[in-house]
Amino acid sequence: MKILVINAGSSSLKYQLLDMRDESVLCKGNCERIGIDGRISYKNHEGYNVTLERDFPTHAEAFQAVLHEIVEGEGHVIGSLSEIAAIGHRVTHGGIRLAKSVLIDDSVIDTILEAAPLSPLHNPPQATTIRACRDLFGEALPMVAVFDTAFHTTMPKKARAFAVPYRFYEEHNIRRFGFHGTSHRYVTDRAASLRGKMPQRLITCHLGNGSSITAIRDGRVIDTSMGFSPLDGLLMGTRCGTIDASLVTYLMEVDNLSPAEINRVLNSESGLLGVSGVSSDFREVSAAAEKGNERAQLAVDMLEYQITKFCGSYMAALGGLDTIVFTGGIGENAIDLRRHVVENLSFLGITLDEAANSVRGEEIRISTPDSKVDVWVIPTNEELMIARDTAAFVKNEN
Ligand code: ADP
């Protein structure tokens with residue numbers, strides 16, 4: 001069975017075609033700068049690689065060009081579109097109603113659009129892309145929506161609610177939703193497979209351009225660091241993470257900022273970039289820190305400290321800790337950051353296997369066999385998780 005996975009962003013569309021017999025990737029790529037100009041990358045499993053620079057005013061037009069490469073291009077991997085059994089769509093926000101992956105029909109599209117105020121940059125283009133796929137493939141092709149928020153819907157209300165007047169919870173859905181759920185779920189499943197059983201008390205650290213940490217008991221989320229929006233929690237590439245809420249109105253006043261401007265400051269000019277003044281990219285910030293740049297060093301120190309604090313508080317929330325997982329571009333590759341976080345937590349009886357920790361981007365246990373807590377690096381694979389969810393619906397239908 002072949003499953004196409006689509007991850008549409010505001011001006012991008014990532015795709016992967018997987019053969020679910022062995023879960024191998026037949027081809028993958030990215031459409032960037034949709035609506036600006038346009039660039040498509042396409043790579044197949046035999047090493048064929050092409051980049052197309054062409055204007056793509058809409059996601060639908062970019063998607064059509066991708067399908068052309070998949071079926072008819074020089075590096076095509078299937079002979080006809082009918083070989084695609086189903087499409088899995090990553091959807092950022094499921095709102096308060098969509099709590100797990102669902103087969104898409106009109107009412108699901110309506111609910112994705114209803115949640116658009118909660119995810120204005122992502123849900124609308126994702127709904128548009130779903131409709132475009134429908135137009136191209138017809139209604140008979142099963143399509144499944146997999147939500148970033150879904151894994152977190154098991155959080156108890158005491159973790160979910162914010163201490164603002166309760167009517168906001170009821171009237172405006174003001175609550176902690178959490179994001180990166182598909183990644184946290186994937187590494188949770190992998191951790192269970194690698195250990196031979198589901199960890200009772202697990203902390204998953206997804207550290208990339210966007211970062212979040214999740215506390216998971218017996219496979220169910222009990223708390224997560226991102227909140228109402230993906231701005232909350234850890235400091236990130238350009239996002240500030242958790243700050244004193246009074247800073248918002250204070251900065252608006254002293255710097256004469258509009259709501260849109262303060263939004264830009266906190267989402268796009270803060271985090272690693274804002275503190276270091278060097279870059280939003282962790283590699284560049286840590287390289288500058290090594291050369292003696294003090295603000296870059298501060299940004300790295302702050303990130304390591306915040307990861308440590310979240311792990312400590314989630315350990316308390318879980319009532320102990322069996323396993324920590326690092327994933328995402330930083331979690332999978334940043335050797336020193338992992339070492340420092342594990343050293344900070346050494347009071348728990350965690351010991352690092354230095355040789356294992358020197359590996360980048362591979363699934364590996366980086367704690368020693370006698371460590372009181374298992375620490376793993378598990379490269380995330382959200383596309384595979386989406387493809388598995390999608391395939392499950394198709395299997396159930398047949
Ligand atoms: P996104 O959230 O956009 O999916 P990624 O998960 O790809 O992002 O993570 C990107 C981050 O990973 C960047 O900050 C980048 O610097 C960092 N990163 C990638 N490779 C390395 C590396 N070898 N060492 C340290 N950080 C790395």
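The values are calculated or read from the model by the stated rules, or taken from the named source; none is laboratory data. Since this is a predicted model, take the numbers as computed values, not measurements. Cβ coordinates were reconstructed from backbone atoms using ideal geometry, including for glycine residues, and neighbour counts include every protein chain displayed. Surface areas here come from the heavy atoms of the whole protein model, side chains and all, with no ligands, DNA or RNA. Shrake-Rupley method; radii C 1.70, N 1.55, O 1.52, S 1.80 Å.
Worth a mention:
- Probe 1.4 Å, protein heavy atoms only - accessible area per residue of region 120-240 in square angstrom: 39 Å²
- Taking amide hydrogens as placed 1.01 Å from N in the peptide plane, the amide H of F147 sits under 5 Å from those of V91, S101, each at least 5 positions away in sequence or on another chain.
- Per-residue ³J(HN,Hα) for region 188-205, Karplus 6.51 cos²θ - 1.76 cosθ + 1.60, θ = phi - 60°, Hz, x for Gly and Pro: 5, 4, 5, 4, 5, 5, 5, 8, x, 7, 5, x, 6, 10, 10, 10, 10, 10
- Förster-model FRET efficiency, 45 Å R0, F162 and E74, C-beta, rounded to 0.05: 0.25
- Listed residues I96, G73, V108: farthest to the positive end of the dipole of region 31-134 (Cβ charges): I96
- Of all aspartates and glutamates in the structure, the ones whose alpha carbon falls short of 20 Å from that of K100, not counting any fewer than 8 places away in one chain, are D110, E114, D148, D189, D218, D223, E382, E383, D389, E397.
- Ligands, DNA and RNA left out, the 1.4 Å accessible surface of region 61-207 is 51% carbon and sulfur atoms.
- Contact order for region 1-114, expressed relative to its length and based on alpha carbon pairs under 8 Å spaced 6+ residues apart, stands at 23 percent.
- Nearest-20 debye value, the chain charge dipole, Cβ charges on Lys, Arg, Asp, Glu: 1120 debye
- Highest mean first, the peptides 299-309, 150-160 sorted by other C-beta atoms within 10 Å per residue fall in the order 299-309, 150-160.
- Simple rule: put +1 on each Lys or Arg Cβ and -1 on each Asp or Glu Cβ in the chain, find the dipole, and look at Q306, V275, L136; the Cα lying farthest toward the positive end is Q306.
- Extension gain from D281 to R339, taking 0.36 nm per residue of separation minus the Cα-Cα distance: 19.0 nm
- Taken about its Cα centre, region 238-342 carries a charge dipole of roughly 200 debye when the Cβ of each Lys and Arg holds +1 and the Cβ of each Asp and Glu holds -1.
- Region 180-246 - charge dipole about Cα centre, Lys and Arg +1 at Cβ, Asp and Glu -1, debye rounded to 20: 360 debye
- Only protein atoms count toward the accessible area here, which uses a 1.4 Å probe; on region 210-351, the carbon and sulfur part of that area reaches 53 percent.
- Whole-number percent relative contact order across the chain, with pairs defined as alpha carbons under 8 Å at least 6 apart: 13 percent
- For region 333-338, Karplus couplings with θ = phi - 60° (6.51, -1.76, 1.60), whole Hz, Gly/Pro x: 10, 8, 4, 5, 4, 4
- Each Cα pair under 8 Å and six or more residues apart adds its separation to the average, and for region 235-281 the resulting relative contact order is 54 percent.
- Dipole of the chain computed with +1 at Lys/Arg Cβ and -1 at Asp/Glu Cβ about the Cα centre; of A296, Y15, A145, farthest Cα towards the positive end is A145.
- Order by protection proxy (mean Cβ within 10 Å, highest first), peptides 283-296, 219-232, 57-70, 249-262: 219-232, 57-70, 283-296, 249-262
- P(r) tail, the chain: Cα-Cα pairs separated by more than 32 Å, 38% of all pairs.
- When each of K157/K197; K291/K372; K158/K309; K28/K309; K43/K197 is checked by Cα-Cα distance, pairs over 30 Å: K291/K372; K28/K309; K43/K197
- Net +/- balance of residues flanking S270 in space, Cβ distance below 15 Å, scoring K and R +1, D and E -1: -3
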